[in-house]
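Readers should treat all values here as calculations from the given coordinates under stated rules, not as data from a laboratory. This is a predicted model, so every value here is computed, not measured. We place every Cβ from the backbone using ideal geometry, glycine too, and count neighbours over all the protein chains shown.
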Amino acid sequence: MSAPAIDEYLSGLDESAANADRDVAAAVRAYLDAGYTVYAVHPSEERIEGLPVYHDVADIPGPVAVASLYVSPKVGEALLPALAAKGIKTFGDLVVPGEMEDRYRFRLSVIASDISLGKLLVLPGDIRDYGGRPEDLNVADAVRMSMSIPFFYEPIKLKNRITGDESYIVDGGLLSNYPVWLFDSEGAPPWPTITGAICPMPSTGRRPRTTEKAG
């Protein structure tokens, strides 16, 4: 999708765009801290977190392994052809060689909610319950399901190939807004999991009180 098209969508949404920009900066910092090579794409910015910005997905040099989208579903759908051209299409492109368990087998897990069945989905693995193969699930389709915030974006209709029933899929945050449990394991975990949250300052302007434990 071209920069002018994204600019047109963002026009009149200054506050939302500002929030999205903050999310993008935070994501860039997280990926950099984790040792990833990051290509930032933004229609108007020149630098994000010190990195040069590409104004179009097509301008990114070489293939891309994973994409994090901070745009509306409408814009995300328009970006699909460009992402596919960069090598990102299905979860089959994100398989970790040698891993068999779903949560380790794919480099990306996406959380969504089936409000028709009252069921939390961890994609791509749970697509089996609907008669699909995890490797064949389109990454962008999974992300689109996960970002379908109720009342803001239209839910995704997912037809079960086994039963013929149709489910409405929305944002995974409806049932699990902080799915750190994905990293739970019995016994000693294969790696440590560190999480964090950003809390607003109290209206008094004072810093939040903290409890310290000695030793």
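Remark: the Cα gyration tensor places the stretch 76-116 in the oblate category, a/c being 1.5 or greater and a/b not exceeding b/c. Our estimate of slack between residue 135 and residue 51, defined as 0.36 nm per intervening residue step minus the Cα-Cα distance, is 27.0 nm.
From the Cα gyration tensor of the stretch 62-159, with a ≥ b ≥ c the square roots of its eigenvalues, which class applies: rounded if a/c is under 1.5, or else prolate if a/b is larger than b/c, or else oblate? Oblate is the answer for the stretch 62-159, as a/c is 1.5 or above yet b/c matches or exceeds a/b. Within the stretch 151-188, which residues have the backbone N less than 16 Å from the label spot 7 Å out from residue 120 along Cα→beta-carbon, could you tell me? Counting only backbone N, you get 170-186.
Among 86/119; 119/157; 89/159, which pairs are too far apart, with a Cα-Cα distance over 22 Å?
In this structure, 86/119 lie more than 22 Å apart at Cα.
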